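Before any comments, here is the structure.
Coordinate-derived values only; no laboratory data. Since the model is a prediction, treat every value here as computed from it, not as a measurement. Ideal geometry is used to build each Cβ from the backbone, glycine not excepted, and the neighbour counts take in all protein chains shown.
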Amino acid sequence: MSQRASRRSRVLRSAVATGAAATLAAGFLATAASAQVTQARPAAVTVQAVPDIPVANVKAHLAQLQSIATANGGNRAHGRTGYKASIDYVKAKLDGAGFTTTLQTFTTSGATGYNLIADWPGGDASHVVMVGAHLDSVSAGPGINDNGSGSAGILETALAVSRAGLQPTKHLRFGWWGAEELGMIGSKYYVNNLPTAERAKIDAYMNFDMIGSPNPGYFVYDDDPKLEGVLKTYFSGVGVPTEIETNGDGRSDHAPFKNVGIKVGGLYSGGDEIKTAAQATKWGGSAGQDFDACYHASCDTSANINDTALDRGADSIAYAVWTLGTEAPPLPGTVFENTADVQIPDNGAAVTSSVTVSGVTGNAPAALQVGMDIKHTWRGDLVVDLVAPDGSTYRLKSSSSNDSADDVVATYTVNASSEVANGVWKLKVQDIAAQDTGYINSWKLTF
Ligand SMILES: [Zn+2]
C-alpha cells in the first residue's frame, strides 16, 4: 500500500496548465466504457465461399524451387542465381494468371536483390489487403520450408484468386521479398519506398514465414487482435488448436510494416524451438525435438515438409485473403490507428506517436474522437496533447499529483473543425514526475 500512497509528496517537475481544450465525459471509467462503443464497425458480411487450396499444387511449386536450388549451387540465397530463378518462376505464374506484377530491385551486400509485387485487378484501391512471404533462402541450403513453404502457399492462393475470378471489395496485393535472411532487407526497402499516403491505404499485412515444418506447430501472430482472430477462426474451424507466436516478434517481414503503424498478422509452424510434451499432445509429432531440425541447414529440402501442416497453412492463407478481401469497406466514422508501442521516458522529454490520415474530405469534425490506451503506473504524471498536422496543439489531459491510478484508457472529443483532416496527427505524451513509467500502447482518431 504504502508504495503508491507515499508518492503524493513527489515534486512535480512543473505545475502543468489545466483547462484541457478537450471535453472529457465524467470519470475515466465512463470514458473507458464509451471507448469501446465509439468505433464504427462495418456490418457483418458473409464470407464468399473460400476454396480449398490443393496441397498437391503447393508441393509442385516446392518441387520447382527445389530443382532451382539444385541447379544453382544448392541454394536460392540473395545475390545468387537461384534466387533470381525463383523470382522468375513465381512472376511467370502470376503474369499468366492476370496479375499486374512489378519487380522492385534494391542493392545490398554488394548484390542486386528483388522484390516481386503482384496486384490483383479490382477492389477499393484505398483499402489494400496485402499478403507476403520471403522467397530467399540462406546460402547453406535450398530453404524449402524456410521459406519456400510460405512463398508457395501465397502463390497458390493468388492463383486460386485468379481461378475463382474473385471480385474483392478491397484491393488484393501479394509480395515476395528478397534478402529477408539478411535482416528483412527487401520488405524494409518496399515499406521505406512506399509513399506515406500509400502506406495509409494498407489495411492489413499478413506474413507467412515457414508453414510446413516437419514437426509442426500452429503459431498465430498476436500483433493485431482482428487479424489474429481471422486465423484463429480458420484453425478452430478445422479443429486445430493454435498458440500465440512470440518467438518471431520483429524477426520477419511483418516487422517493417508494423513499424510504420500498419496492422500485421501471420502464421508460423516453428523452427529451432523445442516442441514440448503438451504441444506434442495437442499437435502430434515429437516432443523434445525441434519443430524444424533442418532450420537454416542444407537438409531444408523438399523432404523437409509436413504435408498436413502445409495444407492447413495454405488453406488458412486463402481464408484470410477471402475474409479480409471481401469484407465491406469501413463505414463513415473511419478510424486511423497506430498500435506501435512508444516508451515514455520517466520525468523526461515528451514523446509522440503519429497517425497518418488520408482520404478524408475537408476539415476534421467538431467532435473528433481521440481514443488512447496508455499504460502507466501513475497516470497523474502524464500530460497528453493532440497535435494537428499544422502543429496546433490541443490539451487532452493535464497532470495531477493525486491521481495515482494506472493507465489512461479513454476517448476524448476535440473540436478540431478548424484543422484540415488529412496529414500527420500526433499524440504527444510527457511524464513530468519521477518513479513511474509506461508506454503508449495504441491510439486512434475516429473521423
Ligand atoms: Zn524465414
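Here the dipole of the chain is about 820 debye; that uses its Cα centre as origin and unit charges on the Cβ of Lys and Arg (positive) and Asp and Glu (negative).
Applying 0.36 nm per residue to the separation of D124 and D403 and subtracting their alpha-carbon distance, the gain on full extension is 95.8 nm. Here the Kirkwood formula, the inverse mean of 1/r across different C-alpha pairs, assigns region 166-321 a hydrodynamic radius of 16.3 Å. Cross-link partners for K93 among the aspartates and glutamates, with Cα-Cα distance under 16 Å and sequence neighbours closer than 8 places in the same chain left out: D119, E156. Over the chain, dividing the summed -39,500 (n - 2.57) contributions of all DSSP H runs of at least 4 residues by the number of residues returns a 222 nm mean residue ellipticity of -8000 deg cm²/dmol.
Averaged over residues, the count of other Cβ atoms within 10 Å places the peptides 251-264, 166-179 in the sequence 166-179, 251-264, highest first. Label zone (S358, point 7 Å along Cα-to-C-beta; backbone nitrogen cut-off 12 Å) within region 186-209: 193-203. Among the listed pairs K170/K375; K282/K375; K84/K275; K232/K426; K84/K188, those with a Cα-Cα distance over 24 Å are K170/K375; K282/K375; K84/K275; K232/K426. Compactness check for region 241-314: Cα Rg over 2.2 N^0.38 Å is 1.23.
Across every direction, the projection of the convex hull enclosing the Cα atoms of the chain has a mean area of 23.2 nm². Of the residues E419, E156, E180, the one that moves most in a GNM of the chain with alpha-carbon contacts below 10 Å is E419. Here V335 and T308 are evaluated by their C-beta separation; at R0 = 45 Å the FRET efficiency comes out at 0.75.
For the pair A293 and S236, a Förster radius of 41 Å applied to the C-beta separation gives a FRET efficiency near 0.90, rounded to the nearest 0.05. Defining a contact as two alpha carbons under 8 Å apart and six or more residues distant in sequence, what relative contact order in percent does region 55-325 show? Taking the mean separation of contacting Cα pairs over the length of region 55-325, I get 23 percent. Computed from the C-beta positions of E198 and A63, the FRET efficiency with R₀ = 30 Å rounds to 0.25. Looking at region 55-325, what % of its DSSP beta bridges pair antiparallel, to the nearest 5? Within region 55-325, antiparallel bridges account for around 45 percent of the total. If Lys and Arg each add +1 and Asp and Glu each add -1, what is the summed charge of the other residues whose beta carbon sits under 14 Å from the beta carbon of G123? That works out to -1.
Full extension of the chain between T246 and T276 gives 9.3 nm of extra length, using 0.36 nm per residue less the Cα-Cα distance. When only C-alpha pairs under 8 Å and at least 6 residues apart count, what is the relative contact order of region 258-297, in percent? Reported as a whole number, the value is 39 percent. Oblate is the label for region 205-253, because the ratio a/c of its alpha-carbon gyration tensor axes (a ≥ b ≥ c) is 1.5 or higher and a/b is not greater than b/c. Semi-axes of the equivalent ellipsoid of region 317-447 are 29, 19, 12 Å, computed as sqrt(5λ) over the eigenvalues of the C-alpha gyration tensor in descending order. In the elastic network of the chain, a GNM with C-alpha springs shorter than 10 Å, the most mobile of R76, R199, R163 is R163. Amide H contacts of S137: R76, A77, H78, each under 5 Å away and 5 or more positions distant or on a separate chain (H built 1.01 Å from N in the peptide plane; Pro and chain starts excluded).
Spatially, region 242-272 and region 77-154 are offset by 18 Å when compared through their Cα centroids.
Counting charges near K282 (Lys, Arg +1; Asp, Glu -1) among other residues having Cβ under 13 Å from its Cβ returns a value of 0.
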